[in-house]
1. Which ones in the range 60-87 are among the hydrophobic types (A, V, I, L, M, F, W, C) and under 17 Å from the mean Cα position of the chain (by Cα)?
2. Need a quick list: strands (runs of 3 or more DSSP E) entirely within the range 16-108 having at least 3 residues that are among the acidic types (Asp, Glu).
3. What is the one condition in (1) more than 20 Å from LYS50 (Cβ to Cβ); (2) loosely packed, with under 15 Cβ neighbours inside 10 Å; (3) without any contact (Cβ under 8 Å) to a residue 24 or more places away in the chain; (4) more than 18 Å from the chain's Cα centre (by Cα) that HIS117 does not satisfy?
4. Only one residue in TYR114, TYR80 is of a type in the set (Ser, Thr, Tyr), assigned by TED's automatic domain parsing to the domain that holds GLN55 and more than 18 Å from PRO37 (Cα to Cα). Which one?
Amino acid sequence: MLAFVSATHADVSTRVVDGDTLKINGITYRLHGIDAPEASQLCDLPKGEKWACGQKSTEELQDLIAGQTVRCEDRGHDIYGRILAACWAGKQEINAHMVNVGLAWAFRRYSLDYVEHEGAAREAAIGIWQFETETAWDFRAQKWNVSVKSGDNEDCPIKGNINRKNERIYHVPWSKDYNKTKIDASKGEKWFCSEAEAIAAGWRAPF
């Protein structure tokens, strides 16, 4: 199935969630075969320095789709109900581009489509390959484990918050607003054990 949308059309809403996720007319598209740094993630540089690789990855995707027609090809769904997709900004394949410029990893656990692209970026020592750094999946696992051990709700550390607009938003341990988000059960806020559980209950991820 193909979905055709345009960031320039007034009746189409195209938004970058992070470096590997787009939301088009309210539908979430997770870029197939790649995994970008999380929005809150910092990556290592030589001499102990760090840079905001998650923020840079998000900005790169925003720049790539700006003013472009975005086309996504459905590759199935993930466990969170998001559409897995190969997407294009004009004639540029977005998935390949994000790996080519060193702002996403080839997600070998699910696909080998972008392994060669990753190899070229690694050889060029650009982006996340400037220095040895933690992968996005290890970053998420580490944040999850810390939250489970030190959090308020043991094995269910995802925070289901209701904001001032009465929007139900869940925050995973690697979300940028996770630490400052407090849960008040008297207001209907909840803890969740998985993203799938939060989504099924009607909560959405933060933009």
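The values are calculated or read from the model by the stated rules, or taken from the named source; none is laboratory data. All figures in this text were calculated on a predicted structure; none of them were measured in a lab. Note: ideal-geometry Cβ built from the backbone for every residue, glycine included; neighbour counts use all protein chains shown.
1. Those that are among the hydrophobic types (A, V, I, L, M, F, W, C) and under 17 Å from the mean Cα position of the chain (by Cα): LEU61, LEU64, ILE65, CYS72, ILE79, ILE83, LEU84, ALA85, ALA86, CYS87.
2. none
3. That leaves (2) as the condition not met.
4. That would be TYR80, the only listed residue that is of a type in the set (Ser, Thr, Tyr), assigned by TED's automatic domain parsing to the domain that holds GLN55 and more than 18 Å from PRO37 (Cα to Cα).
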